[in-house]
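Taking it in order: structure first as structure tokens, then the write-up.
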Amino acid sequence: MREEKQQEYRDLTADILARMQVHAAIVALREEEDMKIDAGLEEDSLTDLLYSVTGRYKNIQQVDIDGRKQLAVIPDHDEEYLLENMSTGVREQIFLALRMSFASRVMGGRAGFLILDDAFQHSDYSRRKRLVDQTVNLVRDGWQIFYFTM
């Protein structure tokens, strides 16, 4: 019975230690990914694309609100708007600019593909035109775009 309890103790201890290692690996990976995101948010190509897509927002950054990292966009030097407080259409435009920029960055200047699912659905007419123009620019650069809609 004693050997059985010792084996049970070893198994539980091994399980706990393994879970701790997996958690540490996930935390390290999350920190590494956060650093890549921070670096990507500071690139001029993103800010240029962001302004081209939205026609208004010139910068995007992560801000710390109550211990949570959140994205905020900046139209001018003094203003800052949390992305979570923006309309669905504006959020989708900003997310599309982020996807385009990060995809280009990950591809290292090579062409790739994007799959878009009703990406322009919540955009008004003037912004939709900008979104289509930017998407066509990617196609001209050799990218393949798959656009799905209802």
- request: Principal axes first, then extents: for the Cα atoms of the stretch 1-145, list largest minus smallest coordinate on each axis, whole Å, largest first.
  value: 76, 38, 27
statement: Once amide hydrogens are built 1.01 Å from N within the peptide plane, the residues lying 5 or more places from Leu116 or on another chain with amide H under 5 Å from its amide H are Phe146, Tyr147, Phe148
task: Scan the chain and note any complete DSSP helix (H) whose C-alpha atoms cover at least 18 Å along its axis and whose Kyte-Doolittle average is 1.6 or more.
output: none
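Any chance you could count the Lys pairs in the chain whose alpha carbons are under 23 Å apart, treating pairs 8 or more apart or on different chains as valid? Show your work: numbers first, answer last.
Values: Lys36/Lys58; Lys36/Lys69; Lys58/Lys69; Lys58/Lys129.
Going through the chain pair by pair, I get 4.
Which order do you get for Glu31, Glu92 if you rank them by accessible area with a 1.4 Å probe, largest at the top? Could the numbers behind the result be given before it?
On the way: Glu31 110, Glu92 50 Å².
The ranking, largest first, comes out as Glu31, Glu92.
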field: the stretch 84-129, relative contact order in percent, only Cα pairs under 8 angstrom and at least six apart counted
entry: 52 percent
message: Once you keep just the Cα pairs under 8 angstrom separated by 6 or more residues, what percentage relative contact order results for the chain?
response: 18 percent
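The values are calculated or read from the model by the stated rules, or taken from the named source; none is laboratory data. Please read these numbers as outputs of a predicted model, since none were measured by experiment. Just the protein is used for accessible areas: all its heavy atoms, side chains included, with ligands, DNA and RNA removed. Shrake-Rupley method; radii C 1.70, N 1.55, O 1.52, S 1.80 Å.
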